[in-house]
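Trainee: Okay, handing you the structure first.
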Amino acid sequence: MEKKIYNFYPGPAVLPRPVLEEVQEELLNFNATGLSILELSHRSKDYEGVHLEAEARMKKLLGLGDDHRCLFLQGGTSGQFAMIPMNFLAPGRTADYLLTGSWSQKAYKEGARLGNVHIAANTEEDNFNRIPSPEEIKFSPDPVYAHLTSNNTIMGTQWHDFPDCGDIPLMADMSSDILSRPFDAKKFSLIYAGAQKNLGPAGVTVVVIKQSLLERIREDVPIIFNYKTHADKNSLYNTPPVFAIYIVNLVLKWIEDNGGLAAIAEKNREKAALIYKEIDESDGFYRGHAQKESRSLMNITFRLPSPELEKKFVEESTANGLIGLKGHRSVGGLRASLYNAMTLEGAKTLAAFMREFRQENS
Ligand SMILES: *Cc1c(COP(=O)(O)O)cnc(C)c1O
């Protein structure tokens, strides 16, 4: 029998098994075309069906209608760090950034290269181990947008209540927690997410943008980096990453088939609770990086008593089929990524391993 492997990599990350099986099954003959999806024209009717379905499913899962567009772009999440200020940060205006980790810092840096930026909140002094409280957030007088990172993949923190921004257009990098829970997507003017964490394979970035925002784009944006270009051509201005979008569509269908966001969120809470319980009941053997009220349900970061034990933990967990638990170098220690596609069985197996490891090493 094949040994059970559980994938805790932060991204590219675990995909739902039924999706991979479906991809395998129809890889050589998509939709009775006798061709693989990999060799179909992006202008063909068969591909168009996938493309339109993926857009419709994404909007439906987010509870959005005609006021929003869903685009499939390239250049990764990092591409969006630049595209947002290129499109919206006009001369004489200011963009506000809420800094909660490395990714939001990178977004801020791209903004700073292109225009005026203001730091509305920053938890770097606390090693980004928490999300700022509403009182700490100080917006500039009339920002063109406010930007935040909903889940800090590296730090293991997550916004559980989004800040009230009034009339300021709110934009969010949701790469590592999009579709992991229900939330009011209408509050956001722009949401973007690289697919490789919670939506599918690397190669496509989903952008959900308010239709009204498309009228406020700077005149001088290169055509290919202009959101309006892609909205007008329905993300078919140039060749889109066909295969990645096809898999995203299957993942979205898998979410629907599994009860939608409310059911997914319930399962995510259950999985994360199993791991946090091991941390909290370990008498300090495991030390979580995130402060409790800011804990992420997607990426759980923790330290062990010594670097030697951390190394041993990685070695032994890997040998036991628990893959990808080494933390990011900037935080150190361990990180368990429990995206939508991680099974409850996987989380239980990790929790049991953590308990056993502690008993043997403390
Ligand atoms: C992974 C990640 C990124 C970087 O994505 P790329 O597609 O590699 O540019 C940005 N933001 C967050 C929150 C991430 O998790």
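The values are calculated or read from the model by the stated rules, or taken from the named source; none is laboratory data. Given the structure is predicted, the values throughout are model-derived calculations rather than measurements. As a convention, Cβ positions derive from the backbone with ideal geometry for all residues, glycine included, and neighbour counts pool all protein chains shown. Side chains are part of the model used for accessible areas, which takes the heavy atoms of the whole protein and leaves out ligands, DNA and RNA. Shrake-Rupley method; radii C 1.70, N 1.55, O 1.52, S 1.80 Å.
Trainee: Give the shape of the chain as rounded, prolate or oblate, defined through the alpha-carbon gyration tensor: a ≥ b ≥ c are the square roots of its eigenvalues, a/c under 1.5 means rounded, and otherwise the shape is prolate if a/b is larger than b/c and oblate if not.
Mentor: Because a/c hits 1.5 or more and a/b fails to exceed b/c, the chain counts as oblate.
Trainee: What is the calculated FRET efficiency for residue 21 to residue 270, with r their C-beta to C-beta distance and R₀ = 25 Å, to the nearest 0.05?
Mentor: Step by step, r from the Cβ atoms, then E = 0.55.
Trainee: Based on the mean of other beta carbon atoms within 10 Å per residue, what is the order of 135-141, 345-351, 172-178, 8-14, most packed first?
Mentor: Descending packing order for the listed peptides: 172-178, 8-14, 345-351, 135-141.
Trainee: Also: Run the accessible area of region 153-212 with a 1.4 Å probe and give the carbon-and-sulfur part as a rounded percent.
Mentor: With neighbouring chains kept in place, the figure for region 153-212 is 47 percent.
Trainee: What whole-number distance in Å separates the alpha-carbon centres of region 95-157 and region 317-338?
Mentor: 26
Trainee: Determine the shape class of region 260-361: with a ≥ b ≥ c the square roots of the Cα gyration tensor eigenvalues, call it rounded for a/c under 1.5, and otherwise prolate if a/b is greater than b/c, oblate otherwise.
Mentor: It is prolate, given that a/c is not under 1.5 and a/b is the larger ratio.
Trainee: Could I ask something else about it? Taking a ≥ b ≥ c as the square roots of the Cα gyration tensor eigenvalues, with a/c under 1.5 meaning rounded and otherwise prolate when a/b beats b/c, else oblate, which class fits region 56-183?
Mentor: rounded
Trainee: To continue, here is another question. Taking only protein heavy atoms and a 1.4 Å probe, what accessible area per residue, in Å², does region 19-257 have with all protein chains in place?
Mentor: 42
Trainee: To the nearest 0.05, how large is the calculated FRET efficiency for residue 236 and residue 262 if R₀ is 30 Å and r is the Cβ-Cβ distance?
Mentor: With a Förster radius of 30 Å, E is 0.40.
Trainee: Calculated from DSSP H runs of 4 or more alone, at -39500 (n - 2.57) each and per residue, what is the 222 nm mean residue ellipticity of the chain, nearest 500?
Mentor: -11500 deg cm²/dmol
Trainee: Could you please state how large a percent of the accessible area of region 78-143 is carbon and sulfur, counting protein chains only and using a 1.4 Å probe?
Mentor: 48
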